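Please read the structure below before turning to the comments.
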Amino acid sequence: MREIFLDVLNAGIAAGWIAAAITVLRLILKKVPGYIYCILWNIVLIRLILPVKGIFPRARFSLIPSDMTVFRGDGNVSFAFNTGFSGVDRALNERADNRLFEGITVEVGYYDKITMILSVIWIAAGVCLLVYGIICYVKLRQSIKEAVLYKDNVYRCESAAGSSFILGVIRPRIYLGYGICGEDEELILAHEKAHLARRDNLVKLLWCVVLCIYWFNPLIWAAYILMCRDMERACDEKVLSGRGADVRKAYAEALLACASGKRYTMAFPAAFSETDVKNRIKNVMSFKRPGKAVTAACVVLTAVFALGFLTNPALAASDEEVYSYYPAGDSSGYGIPSLIFTENGNRCTFVRFSMDSDFITGSCYEENDVFILTDESSGNEYVFDIQGAGERKIYIFNEEESAPLAEYVIDSGPGYVEKAEIPDGAVFQRRNVTVRQ
């Protein structure tokens, strides 16, 4: 349960980055159609409902700073942090090393104790929220028992007051207040049918479940609220796009007339006039169908978000799956792979594992942020992508572009066997040696 909680915590943080990015976009790009933002919010939803490790591929173009922000620390350190920002990570991990060292600054088993307490609170609060939503839903169902069929899939009922809403999952129905008639009725029904066509009732149900799981994350609540607004805006635009400009005033008046209707909790489908009426009226009165250039730009924007946010960042030195590499000034090198350069820099030894004598030595050169080492015995090439500059330059092993490296086993003593392999994305720091003549 503790590990599930940490997975959910990290998935919520990763999704929070997407929610923050979409929120900023909404402030900057106000002319983007509402349905585009609904698609972007669905990217957040996908990250939230699929928190399993390894399900999203790793890529260097990922826009997620880190997919594992909080995890179990090394040794006796209870917690470690990887936000994706080196300065923040350094400060957090130094504090963790000083304050969260089991058996010295905190009791042994501190990690297990804290994660268990947080897990129990997380589950208890989530269950309470779920029960509350179910109770609200049952009450609403009871309030529409007297609803009567009006036409097609539309029912009239007193509980809808002066508005309308959709209720149901498998066979959703439109419920309409008795006070709605004439042109208002036509426009409001067009809006609700747009919801049904878009399967918004199912999307909102998923969001309600997600809120019960990620209730502790304020960014997810903000995402839900803004998603509801964009969902209503998308349906408003759908209604207006098939009609002339003269319908805008009548539609705005219908919104205003229904604004005094009942408000619904998170467990209920959005009513016609429930969400952000003032801004909806402004959008209705200024609505224009997007041109081809705007549509094309929106497609590109959606593709960038999908590629950037449905991938995880490539492994770096701070990730727990990657080795710890040769620190500057450390000459021990015990068990640590490294790149050892001669003084003039044109020859290099690729030390796969320092307890083994199977080194790869040959000529090397750097070109266009790529380092290539050619094995002098076999002619095989091994490629490293270069990041940083000067003393902060690091070399990242590129398995795809390199010749195969055979896995091998090192017998380092009775009862101790070490399997050595270099993973894709392994990070090395440069180590120089002086060759004596």
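The values are calculated or read from the model by the stated rules, or taken from the named source; none is laboratory data. All figures in this text were calculated on a predicted structure; none of them were measured in a lab. Note that each Cβ is placed from the backbone with ideal geometry, even for glycine, and that neighbours are counted across all protein chains shown.
For the stretch 52-107, give me each residue that is exposed (fewer than 12 other Cβ atoms within 10 Å of the Cβ) and on the phi > 0 side of the Ramachandran plot. 54, 75, 103, listed by residue number.
For the stretch 273-303, the tally of residues that are modelled with pLDDT under 60 and within 30 Å of the chain's Cα centre (by Cα) stands at 1.
Listed by first and then second residue, the pairs with beta-carbon distance under 9 Å, at least 6 apart or on different chains, first residue in the stretch 230-250 and on the phi < 0 side of the Ramachandran plot and at pLDDT below 85, second buried (at least 17 other Cβ atoms within 10 Å of the Cβ) and not hydrophobic (A, V, I, L, M, F, W, C), are 243/251.
Here is a list: 33, 65. Which entry is closer than 27 Å to residue 298 by Cβ and touching a Pro at 6+ places or on another chain (Cβ under 6 Å)?
After applying the criteria, what remains is 33.
Set side by side, the residues 206, 211 differ, and just one is crowded, with 19+ Cβ neighbours inside 10 Å and assigned to a helix (DSSP H, G or I), which is 211. Could you look through the stretch 121-162, keep only residues that are in a loop (DSSP other than H, G, I, E, B) and touching a Lys or Arg at 6+ places or on another chain (Cβ under 7 Å), and pick out the one that is surrounded by the most Cβ atoms within 10 Å (Cβ to Cβ)? So, considering only residues that are in a loop (DSSP other than H, G, I, E, B) and touching a Lys or Arg at 6+ places or on another chain (Cβ under 7 Å), the one surrounded by the most Cβ atoms within 10 Å (Cβ to Cβ) is 147. Are there any pairs, at least 6 apart or on different chains, whose C-beta atoms fall under 7 Å, with the first in the stretch 78-99 and in contact (Cβ under 8 Å) with a residue 60 or more places away in the chain and the second crowded, with 17+ Cβ neighbours inside 10 Å and charged (D, E, K, R), and if so, which? Listed by first residue and then by second, the contacts come to 82/89; 82/319.
Residues of the stretch 397-414 that are part of a strand (DSSP E or B) and modelled with pLDDT under 85: 408, 409, 410, 411, 412, 413. Scanning the stretch 187-196 for residues that are of a type in the set (A, V, I, L, M, F, W, C) and closer than 12 Å to residue 166 by Cα returns 188, 189, 194, 196.
Within the stretch 155-171, being without any contact (Cβ under 8 Å) to a residue 60 or more places away in the chain and under 38 Å from the mean Cα position of the chain (by Cα) holds for 168, 169, 170, 171. Kindly establish whether residue 30 is free of Cβ contacts under 8 Å to residues at least 40 places away in the same chain, part of a loop (DSSP other than H, G, I, E, B) and either among the charged types (D, E, K, R) or in contact with a His (Cβ under 6 Å, 6 or more places away or on another chain) (or both). Here the answer is yes, as residue 30 does meet what is asked.
Apart from one condition, residue 19 fits all of (1) of a type in the set (Gly, Ala, Ser); (2) in contact (Cβ under 8 Å) with a residue 60 or more places away in the chain; (3) part of a loop (DSSP other than H, G, I, E, B); the exception is (3).
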